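S.K.: This is the structure I have questions about; it appears just below.
The values are calculated or read from the model by the stated rules, or taken from the named source; none is laboratory data. Remember, it's a predicted structure, so these values are computed and weren't measured experimentally. So basically every Cβ, Gly included, is an ideal-geometry build from the backbone, and we count neighbours across all protein chains shown. Remember, those area values only see protein heavy atoms, side chains included, never the ligands or the DNA or RNA. Shrake-Rupley method; radii C 1.70, N 1.55, O 1.52, S 1.80 Å.
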Amino acid sequence: MGSSHHLHVALLSSPGMGHLIPVLVLGDRLATHHHLKVTVLAITTPAETQFLKSHQKSNSPIDIVPVPAVDVSGLIDEKTQVFTQLRITVREALPQVRSTIAGLAHRPDALIVDIFCTQALPIAEELGIPRYAYHPTTAWTATLAMYFQVFDKSITGQFVDRLEPLRIPGCMPVRPEDMVDPLMDRDDQQYREYVNLGIEYTQFDGLLVNTWEELEPNTIKALRENEELRGVVKVPIYPIGPLKRSVESKNEGDGRDEILEWLDRQPAESVLYLSFGSGGMLTAEQTAELAWGLENSQQRFVWVVRPPCDGGPDSSINPKLEGGGGAAPDYLPEGFLARTKDVGFVVQMWANQIEILTHPSVGGFLSHCGWNSTLESLTNNVPIIAWPLYAEQKMNAAMLAEEVGVAVRPAVTPTEKVVRRQEIEAMVRTLLQHKEGEAIRERVKKLKVSGEIALSKAGSSYNSMCELVKDMEARMLTKSREIY
Ligand code: UDP
């Protein structure tokens, strides 16, 4: 193979927009900056097909080919965890993946699969092409997954009952209360799925990770050099981040968002933005405490509120609620909207997060620490109040607060205990008012710059992607020699 210009790589994404978007972003990067021909094979439910069509219309540099997911309702029940459901859906879709690849006009030269598609490894083996996996979050969570096979064998009993942290060689220890959801119950199928996912990662030719050298220097070094770790995890690591979606361009005539206009009138770095990702919800009691903490802090805020997950007195959705106008939902304290109308903007359900975080008036983000939200925050100079809820978010929160020093975090785990208004008030003031907040902000600013440098030409993540392309070419040569 001569130049990389004609290399054709297929990217396989698992169902759900939250999984497809990071793969599209990776595909865009490979096509635009590294001149690869990219085909995204998206395992999709019918509902997602519409979005795919619209993405395809905008002169995208990548081809998107939907792979219809098969109905797995007979294989799951109401107790099946999302993690397990995803793995089952992908497993059942493998014949479709195989036939879709066979039907492509140009056979791919390499395959990159996302976190929930690692079971597609045999397809790449059959085709005799190089294969890589993409872990869309931190190197630390990837390392836990891959090294976990050791703990699975050496530790008995439930992991959540342990008092000792899990010690991964060369990495920050993982405290029992911060462990990823699949480890909560060893007897649940998602535990086994997680262990297998970690083992599968180690069998690829390389693992791409959405992180960069300056964010996780210790973990990345351990993956490259720590002999004890490398005894189990030999897969080459490619830190290629921070990759995130860009701001969607608004249609002409749409006008500027009301929230952004409100932000325009606030001082620089003075507003706290609060949101819990695409699906995060709080209890009614926690929602009320959060409102009180915010109000008592007397700081400015934009809050994406959702009806409480435990019902609460009024769990109906009123999308019209905005900045003090409209009727207050019952789950907010009596008079909250009226009392905070000059300093706060409350929006129900959803906001244009990237545009908000990009706004210079925003000075803090109370976040569930989903990885996309985290990157959107850090790459916009916004320090974090870490409020993890599910998946790997508690590990993200621990890393951001204790290892990287760009976040503050409540003393209790929000999913275990109610975070009280006094603590919320104190965290908000720390971030927006106190010296401690300034030190955190300085670290975020350094990190943002390091992320930009990493992605620019000759930066570490840019180089890492070049290494990946070189590795693909080298392996293609070897594999074609094996075949002929
Ligand atoms: N998001 C948004 N508006 C909202 C909530 C979320 O635009 O009100 C976007 C956010 O910018 C991010 C994604 O949804 O890109 C959420 O991803 P993340 O990994 O943070 O969390 P998840 O939803 O997977 O828990």
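Rundown of residues vs (1) more than 24 Å from W371 (Cβ to Cβ); (2) within 15 Å of the ligand (Cβ to nearest atom); (3) modelled with pLDDT of 95 or more, yes/no style:
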| position | (1), (2), (3) |
| --- | --- |
| G255 | yes, no, no |
| W262 | yes, no, yes |
| R265 | yes, no, yes |
| E269 | no, no, yes |
| F276 | no, yes, yes |
| Q286 | no, no, yes |
| G293 | yes, no, yes |
| S297 | yes, no, yes |
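S.K.: Further, regarding this structure: Suppose we filter M427, M395 for residues that are within 16 Å of the ligand (Cβ to nearest atom) and open to solvent by less than 20 Å² (accessible area, probe 1.4 Å); which single one remains?
M.R.: Testing whether each residue is within 16 Å of the ligand (Cβ to nearest atom) and open to solvent by less than 20 Å² (accessible area, probe 1.4 Å) leaves just M395.
S.K.: Report whether or not W350 is touching a residue at least 40 places away in the same chain (Cβ under 8 Å) and in contact with a His (Cβ under 9 Å, 6 or more places away or on another chain).
M.R.: no
S.K.: Ok, one more. If you go through region 351-370 one residue at a time, how many are among the polar types (S, T, N, Q) and either assigned to a helix (DSSP H, G or I) or surrounded by 24 or more Cβ atoms within 10 Å (Cβ to Cβ) (or both)?
M.R.: 3
S.K.: Give the number of residues within region 114-141 that are aliphatic (A, V, I, L, M) and closer than 25 Å to V174 by Cβ.
M.R.: 3
S.K.: Could you give me the residue pairs with C-beta distances under 9 Å whose first residue belongs to region 193-204 and is within 12 Å of I115 (Cβ to Cβ), whose second residue is among the acidic types (D, E) and open to solvent by 10 Å² or more (accessible area, probe 1.4 Å) wherever it lies, and which are 6+ apart or on separate chains?
M.R.: What qualifies is Y194/D181; G198/D152.
S.K.: Continuing with the same structure: Can you tell me which residue in region 371-389 is farthest from the ligand (Cβ to nearest atom), limited to those that are out of contact with any helix residue (DSSP H, G or I) (no Cβ under 6 Å at 6 or more places or on another chain) and in a loop (DSSP other than H, G, I, E, B)?
M.R.: Top of the filtered list is W387.
S.K.: In region 371-389, which residues are over 22 Å from W212 (Cα atoms) and open to solvent by 10 Å² or more (accessible area, probe 1.4 Å)?
M.R.: L389
S.K.: Does region 299-310 hold any residues that are more than 15 Å from the ligand (Cβ to nearest atom) and surrounded by fewer than 20 Cβ atoms within 10 Å (Cβ to Cβ), and which are they?
M.R.: D310
S.K.: Tell me the strands (runs of 3 or more DSSP E) entirely within region 1-102 that contain at least 2 residues that are open to solvent by 40 Å² or more (accessible area, probe 1.4 Å).
M.R.: 63-68
S.K.: Here is a further query. Across region 211-240, what is the number of residues that are within 16 Å of the ligand (Cβ to nearest atom) and in contact with a strand residue (DSSP E or B) (Cβ under 7 Å, 6 or more places away or on another chain)?
M.R.: Total satisfying the criteria: 1.
S.K.: Then there's this: Residues L215, L223: which one is open to solvent by less than 60 Å² (accessible area, probe 1.4 Å), over 20 Å from the mean Cα position of the chain (by Cα), modelled with pLDDT of 95 or more and within 25 Å of T379 (Cα to Cα)?
M.R.: L223
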